[in-house]
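Engineer: The structure is given below, and queries will be raised subsequently.
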Amino acid sequence: MNFFTRRVRTLALAAAVAAVCLSGCGGGGGSGGRSAELAGHWVHKDGKINNRPDDVELFKDGTGVLDGTPITWKVESKRLALLSTTKGMTCDYKIAGLRLTLFDKSGDSALYLKKEYADVLAKAKAYDDKKEYDNAIAEYTKAIQMDPGSADAYLGRGRNHNAKNDHGKAIADYTKAIQLNPNSALGYTHRGAVYWLDTEEPDKAIADFTKVINIDHKDRTGYIGRGGVYSELKKEYDSAIADYTEAIRLYPREGLWYVSRGNAYLEKKDYDNAIADLTKAIQLEPNVAKLLDAKDNLQKAKRLRGDDIAAESEPGYKTPSAAGSGQSNFASEVDAAVSGGSLKPKALKVSSPDFLKSGAITGARSRASIQRTVMQNMAALRYAYNKRLREKPGMAGKIAVKFAIDEFGKVISAQLVESTVSDSEFESTVVSRVKSWNFEKIDKPGDVTEVMYPFVFSQ
């Protein structure tokens, strides 16, 4: 148990003193002075401990109150001494802006904040939780003005800027947080997620997620993020597989990593390994596997084993709901990690009804070949849909996009032709995603295939 949570169960006054410093701290005594920077009302960063407030008030006259118990205090030999009528104790301390850290001899520490500063952070967090982004940004800005050295305030403000799709300001805040606390992985995780999922700058994202791994080689978000960038943006599946293999070594009972590696094997057309990993994921964690579409991808891998892809154009073929690199899978996990969320199944669907039978198409490409590429990118649309639902709960409907593909597989144009979603921002996101897709090259010089593709978004 850390020193700041220990309670001596006998004398009440002694208990109050021990709450701040371990009994293992050096004994107090002797003459000393008082430091003006220590005076004030300090509250524990994590609020209540053991269902009771954990705070200390230090007055300039040398008196104080610890959890409601009167004390006296002073600084002697650069150590903080807290004294009651029955006992005196000292411990090392460090002041940084409006933050006070107390240390014991073993190196355990407790972080306290000036109460007025803690109140602003609490208000910002409350707005954050309610998704009132502008109000949260205003409160985090107040916190930064009060204590410019607080990495936490910059992280909070950056998170809310990013929720408003103001990625430039988010990156600036995350960068400042990194400068203030370069040994924390959080800033790199947040910034790397923006580079990956929003601005699509793979090299910068990889650098940040690599830093996360270097700081803590067991940090899941580093492997999720870097593997996702390699797989989805760089198409470097061997590098992605290497990251997921290391994650499996660290966390052999977690299905996420087998799904992720299985999807990368599927992209490489290594169907035997894809089937083995996806099967393992379903065995280990059926609920996680369901969220990550492992069964759909497993079925696809089995159909394609031996490069037998003809079945996709046969009558009665059922299109899988997701396939390919699975950006949504990785992205949702990173998003959960950086927001303090947890992995929970969501019934989000993106479908393309009857395209194989009657989808509008002109040109040399087959419907089956177009469908393969669409399915490989469908998870990215699901992620975008999931992200937008946080701001517009209940949003659903159909978006039809008309796009043209040249002989090299590049989408040379894409435009919205129909929508029942009534959300221009999300409609633009879908069109932009489609325009970024790469289809198979075909040996038809000069061919331009035009496609009218309906996407149905539902919960």
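Engineer: So which of Lys204, Lys218, Lys235, Lys211 ends up being at positive phi and of a type in the set (D, E, K, R)?
Structural biologist: Values: Lys204 fails: at positive phi; Lys218 fails: at positive phi; Lys211 fails: at positive phi.
After ruling out the rest, the residue left standing is Lys235.
Engineer: Further, regarding this structure: Go over the candidates Asp219, Asp208, Asp173 one by one and state the one that is buried (at least 18 other Cβ atoms within 10 Å of the Cβ) and modelled with pLDDT under 90. First the steps, then the outcome.
Structural biologist: Working: Asp208 fails: modelled with pLDDT under 90; Asp173 fails: modelled with pLDDT under 90.
One residue alone meets the criteria, Asp219.
Engineer: Can you pull out the residues in the range 414-447 that are of a type in the set (D, E, K, R), free of Cβ contacts under 8 Å to residues at least 60 places away in the same chain and either assigned by TED's automatic domain parsing to the domain that holds Lys234 or in a loop (DSSP other than H, G, I, E, B) (or both)?
Structural biologist: Asp423, Lys441, Asp443
Engineer: Then there's this: Determine which single condition Lys269 fails, assuming it passes every other condition in (1) part of a helix (DSSP H, G or I); (2) closer than 14 Å to Gln376 by Cα.
Structural biologist: Evaluating Lys269 over (1) part of a helix (DSSP H, G or I); (2) closer than 14 Å to Gln376 by Cα leaves (1) as the failure.
Quick grid of which residues meet (1) among the acidic types (Asp, Glu); (2) in contact (Cβ under 8 Å) with a residue 24 or more places away in the chain; (3) in the same structural domain as Ala96 (by TED's automatic domain parsing):
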| residue | (1), (2), (3) |
| --- | --- |
| Lys125 | no, yes, no |
| Asp129 | yes, no, no |
| Ile137 | no, yes, no |
| Ile144 | no, no, no |
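Engineer: While we're on this one: What are the residues in the range 183-217 that are closer than 25 Å to Lys235 by Cβ and either among the basic types (Lys, Arg) or outside any helix (DSSP H, G or I) (or both), if any?
Structural biologist: Matches in the range 183-217: Arg191, Asp198, Thr199, Glu200, Glu201, Lys204, Lys211.
Engineer: Quick one: which residue in Asp129, Asp147, Asp67, Asp134 is surrounded by fewer than 21 Cβ atoms within 10 Å (Cβ to Cβ), modelled with pLDDT under 80 and not hydroxyl-bearing (Ser, Thr, Tyr)? Before you say what the answer is, go through the steps one by one.
Structural biologist: On the way: Asp129 fails: modelled with pLDDT under 80; Asp147 fails: modelled with pLDDT under 80; Asp134 fails: modelled with pLDDT under 80.
That would be Asp67, the only listed residue that is surrounded by fewer than 21 Cβ atoms within 10 Å (Cβ to Cβ), modelled with pLDDT under 80 and not hydroxyl-bearing (Ser, Thr, Tyr).
Engineer: Moving on to the next point. If I filter the range 311-319 for residues that are surrounded by fewer than 19 Cβ atoms within 10 Å (Cβ to Cβ) and at pLDDT 75 or above, do I get at least one hit?
Structural biologist: No, that holds for no residue.
Engineer: Quick check: anything in the range 404-413 aromatic (Phe, Trp, Tyr), outside any loop (DSSP other than H, G, I, E, B) and either touching a Leu at 6+ places or on another chain (Cβ under 7 Å) or at pLDDT 50 or above (or both)?
Structural biologist: Taking every residue of the range 404-413 in turn, none turns out to be aromatic (Phe, Trp, Tyr), outside any loop (DSSP other than H, G, I, E, B) and either touching a Leu at 6+ places or on another chain (Cβ under 7 Å) or at pLDDT 50 or above (or both).
Engineer: Quick one: which of Thr189, Thr199 is of a type in the set (Val, Ile, Thr) and surrounded by fewer than 21 Cβ atoms within 10 Å (Cβ to Cβ)?
Structural biologist: Numbers: Thr189 fails: surrounded by fewer than 21 Cβ atoms within 10 Å (Cβ to Cβ).
Only one candidate qualifies: Thr199.
Engineer: Could you list all residues from the range 92-143 that are assigned to a strand (DSSP E or B) and either closer than 28 Å to Arg388 by Cα or polar (S, T, N, Q) (or both)? Full working, then the answer.
Structural biologist: Step one: filter the range 92-143 for residues assigned to a strand (DSSP E or B), giving 92-96, 99-103, 109-114.
The answer is Thr101, Ser109.
Engineer: OK, next. Kindly indicate whether Glu246 is in a helix (DSSP H, G or I), touching a residue at least 24 places away in the same chain (Cβ under 8 Å), within 27 Å of Tyr195 (Cα to Cα) and in the same structural domain as Phe209 (by TED's automatic domain parsing).
Structural biologist: Values: in a helix (DSSP H, G or I): yes; touching a residue at least 24 places away in the same chain (Cβ under 8 Å): no; within 27 Å of Tyr195 (Cα to Cα): yes; in the same structural domain as Phe209 (by TED's automatic domain parsing): yes.
No, not satisfied.
The values are calculated or read from the model by the stated rules, or taken from the named source; none is laboratory data. Here the structure is a predicted model, which is why all the values come from computation and not from measurement. Quick reminder, even Gly has a Cβ in these numbers, built from the backbone with ideal geometry, and neighbours come from all protein chains shown.
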